[in-house]
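As structure tokens, the structure follows; a few thoughts come after it.
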Amino acid sequence: HSIYFARSSTTAGQDFGMAAHGNIIEDHRSVGFDGNLRPAIYGVRGRGYSFKHNKIHDYWDGGIAVSHDTADSANGGDSVIEGNELYGRQNAGYSIWVAEAGDPTSYRTRNVKVRGNVIVSDHAVCALQHDVIVFNGQDIEVSGNSIFSYNMANSAYYPFGFGNHAAAGATDFDNV
């Protein structure tokens, strides 16, 4: 990760109120990309993350993410991803994602706002993956984002994905 906020992987408390505003990140993981998604800006196992007005260009492992963590047993959320510009996704990673990609346990991501971001993708370079995905969670707002995609080659493409890894029960995916 270029900017990484996370409490430790034990029960040692929780981050709260961390911000990453106005940063410029270029060529995130263009060297060292190994297929594991490590977004340029990541807030995990904490609350109150604010990621605003960052510019991320030519990124290999995803752009921005906020999530809980099932492996290290922690909730996440009460966060905002707003007004960011993401240009030049280079692989099948997501530009913005919310919540844990793994199957949820009793831990959750709650109250995240993804608003007013601009995402530009050239699909001759990157795969037809969702640009914004909400894997699971509660009280998630996705609004006012602008997604520009080109070189689609007549393929099915869904810029937004919702509920891709929600286990049974409304507590895993609710009020999105």
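Highest mean packing comes first when the peptides 115-124, 152-161, 80-89 are listed by Cβ atoms within 10 Å, giving 80-89, 115-124, 152-161. With a simple spin-label model that places each label point 7 Å from the Cα along the Cα-to-Cβ direction, the separation between H21 and A156 comes to 4.2 nm. Let me know the shape class of the stretch 33-118, please: from the alpha-carbon gyration tensor, a ≥ b ≥ c as square roots of the eigenvalues, rounded when a/c is under 1.5, otherwise prolate if a/b is greater than b/c, or oblate. Because a/c hits 1.5 or more and a/b fails to exceed b/c, the stretch 33-118 counts as oblate.
Since every read-out is calculated from the coordinates, none of them should be taken as a lab result. None of the values given here were measured: they were computed from a predicted structure. No Cβ is skipped: glycine too gets one built from the backbone with ideal geometry, and neighbour counts run over all protein chains shown.
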